[in-house]
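Contents: one structure, followed by commentary.
The values are calculated or read from the model by the stated rules, or taken from the named source; none is laboratory data. The structure displayed is predicted, hence computed values, not measured ones. Glycine gets a Cβ as well: all are built from the backbone with ideal geometry, and neighbour counts include every protein chain shown. Note: areas computed on protein heavy atoms with side chains; ligands, DNA, RNA excluded. Shrake-Rupley method; radii C 1.70, N 1.55, O 1.52, S 1.80 Å.
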Amino acid sequence: GDEQFYVSHAARVGNPAFDQELEYPDQQPPDAGFRILSLLRLWNIVEYWFPYRDMIDDDWPSTLREFLPRLVAVETWDAYRLELVQFIARIHDTHANLWSELDILPPRGSCQWPVALRFVEGQATVTALTDEPGQASGLEVGDVVHAIDGHPVDSLIEAWSPYYAASNQPTRLDRMARFLPRGDCGETTLAIERHGISQTVVVARIAEADRTPRPHDRPGETFQLLSADVAYLKLSSIRVQDVVGYLEQAGNTRGLVIDIRNYPSEFVVFALGSRLVQEATPFVRFTNGDLDNPGAFSWTPSLWLAPQTPGYAGRVAILVDETSISQAEYTAMALRAGPRAVVVGSTTSGADGNVSPIPLPGGLRTLISGIGVFYPDKTPTQRVGIVPDIVVTPTIKGIREGRDEVLEAALRYILGPDADETTIRDMGKSR
């Protein structure tokens with residue numbers, strides 16, 4: 001059947017919809033009965049409708065036994081939400097989180113340092129200064145933060161990791177890097193390393209800045225000619241209607257860099273992917289839950305890209321990293337189906353597939369990846385992400401020097417082994 005009362009299939013896609021589940025928004029905090037309902041509802045949905053339940057690390061029934069007394073014991077609104085966040089983290093799905101409740105994640109506070117952090121070579125590294133002109137933070141791009149008010153960053157990460165839901169560790173660290181600068185307003189003492197020298201700096205936390213994920217793509221226009229031989233296209237600002245024009249501009253180049261270290265602004269899987277293949281090519285297949293037999297999943301036929309003109313015949317380098325999630329990963333799967341395409345970069349977020357919202361008592365909502373997304377040969381994407389053909393991760397040295405080492409690797413692929421390194425570095429640097 002196509003429907004039952006509590007679960008239906010979303011139109012056209014087939015991920016499960018749980019529209020009949022109530023969220024009891026007036027229960028804050030929910031009483032013990034509603035707290036148990038919250039846990040059982042989420043556990044059952046994962047057990048019967050999560051296409052990747054076989055990839056959960058923990059024994060799923062024992063996770064229920066562990067959290068049942070914990071959710072019965074909590075009495076405050078904060079404690080309830082914190083227990084839910086920790087339970088959701090056990091699903092190991094970057095889509096799964098209490099998205100409206102991120103204020104409860106540690107470290108809590110309404111202010112933050114005016115910098116962007118990223119874990120580079122495993123260390124919390126300043127990658128951008130976000131303060132207003134004239135408001136010097138005391139930090140520089142390339143500084144490594146080792147301790148905050150005497151607490152080693154490594155121990156903070158270990159203590160806070162159970163609250164951060166993610167499909168894999170690079171994505172968890174990416175999430176934590178966004179929140180690490182947060183805390184109470186006022187001065188903090190940081191132990192940092194700058195150019196190999198350890199020092200202490202006092203940094204003020206100021207009114208909390210925007211924590212929207214910063215894409216790692218190149219500043220400037222959506223389409224850029226880096227040289228007569230190389231075109232660059234980033235998907236964070238792409239429009240479907242412009243794709244043909246971009247490819248015509250790139251027509252005489254040796255290679256095209258497509259940057260998906262971001263979230264695509266429009267859905268270009270077919271508009272762009274179909275112009276990189278020379279014959280009909282499969283690129284993905286899905287699994288869907290069975291409404292008549294909860295817990296069972298069935299395979300769909302592969303989806304194909306059919307060639308369209310104008311096509312692009314040069315080499316294609318697709319850039320990805322831990323910021324590439326969901327539609328970005330799906331797009332990378334399609335674009336790499338081209339015969340001259342390679343993926344360059346590092347592990348992606350590992351959460352693909354249309355999301356299914358789940359209402360929970362207290363007016364809360366979480367999500368799960370609702371359909372299974374696989375390559376045509378059934379190779380998985382969940383948790384493992386899009387595995388690059390050429391693995392490159394940034395270095396602290398490269399960030400200090402303002403280099404884009406992932407883009408440089410793509411340029412080497414396009415231009416070949418005889419390319420001049422100085423030219424590659426100059427082309428790779430932001431204008």
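Per-structure values
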quantity	calculated
Residues (among the polar types (S, T, N, Q) and open to solvent by 10 Å² or more (accessible area, probe 1.4 Å)) located in region 357-396	THR379, THR393, THR395
Region 1-51, residues that are under 17 Å from VAL74 (Cα atoms) and of a type in the set (Phe, Trp, Tyr)	PHE34
Qualifying residue in region 265-272 (condition: of a type in the set (S, T, N, Q), under 30 Å from PRO181 (Cα atoms) and surrounded by fewer than 20 Cβ atoms within 10 Å (Cβ to Cβ))	yes
Positions within region 214-238 being within 15 Å of ARG275 (Cα to Cα) and open to solvent by 50 Å² or more (accessible area, probe 1.4 Å), in sequence order	none
Subset of region 180-194 (residues that are open to solvent by 10 Å² or more (accessible area, probe 1.4 Å) and either free of Cβ contacts under 8 Å to residues at least 40 places away in the same chain or not small (Gly, Ala, Ser) (or both))	ASP184, CYS185, GLU187, THR189, GLU193, ARG194
Matching residues in region 1-58 - criterion: being open to solvent by 20 Å² or more (accessible area, probe 1.4 Å), in a loop (DSSP other than H, G, I, E, B) and within 16 Å of GLY363 (Cα to Cα)	ASP19, GLN20, GLU21, LEU22, GLU23, TYR24, PRO25, ASP26, GLN27, GLN28, PRO29, ASP31
Residues (open to solvent by less than 20 Å² (accessible area, probe 1.4 Å) and in contact (Cβ under 8 Å) with a residue 12 or more places away in the chain) located in region 397-408	VAL406, LEU407, GLU408
Filter result for the condition that a residue is in contact with an Asp or Glu (Cβ under 9 Å, 6 or more places away or on another chain), assigned to a loop (DSSP other than H, G, I, E, B) and charged (D, E, K, R), over ARG383, ARG425	ARG383
Enumeration of residues in region 259-291 that are basic (Lys, Arg) and not in a loop (DSSP other than H, G, I, E, B)	ARG285
Count of region 108-166 residues which are among the basic types (Lys, Arg) and either open to solvent by 50 Å² or more (accessible area, probe 1.4 Å) or farther than 27 Å from ARG403 by Cα (or both)	1
Out of ALA334, ALA410, ALA419, sole residue that is assigned to a loop (DSSP other than H, G, I, E, B) and not aromatic (Phe, Trp, Tyr)	ALA419
Per-region count, region 59-81, residues open to solvent by 40 Å² or more (accessible area, probe 1.4 Å), in contact (Cβ under 8 Å) with a residue 12 or more places away in the chain and in a helix (DSSP H, G or I)	5
Candidate set: region 123-160, residues that are within 26 Å of VAL85 (Cβ to Cβ) and free of Cβ contacts under 8 Å to residues at least 24 places away in the same chain; chosen: the one nearest to the chain's Cα centre (by Cα)	ILE157
Yes/no for PRO294 being in contact with a Phe, Trp or Tyr (Cβ under 7 Å, 6 or more places away or on another chain), modelled with pLDDT under 95 and either part of a loop (DSSP other than H, G, I, E, B) or open to solvent by 70 Å² or more (accessible area, probe 1.4 Å) (or both)	yes
Meets criteria (open to solvent by 40 Å² or more (accessible area, probe 1.4 Å) and within 30 Å of LEU102 (Cα to Cα)) for ASN354	yes
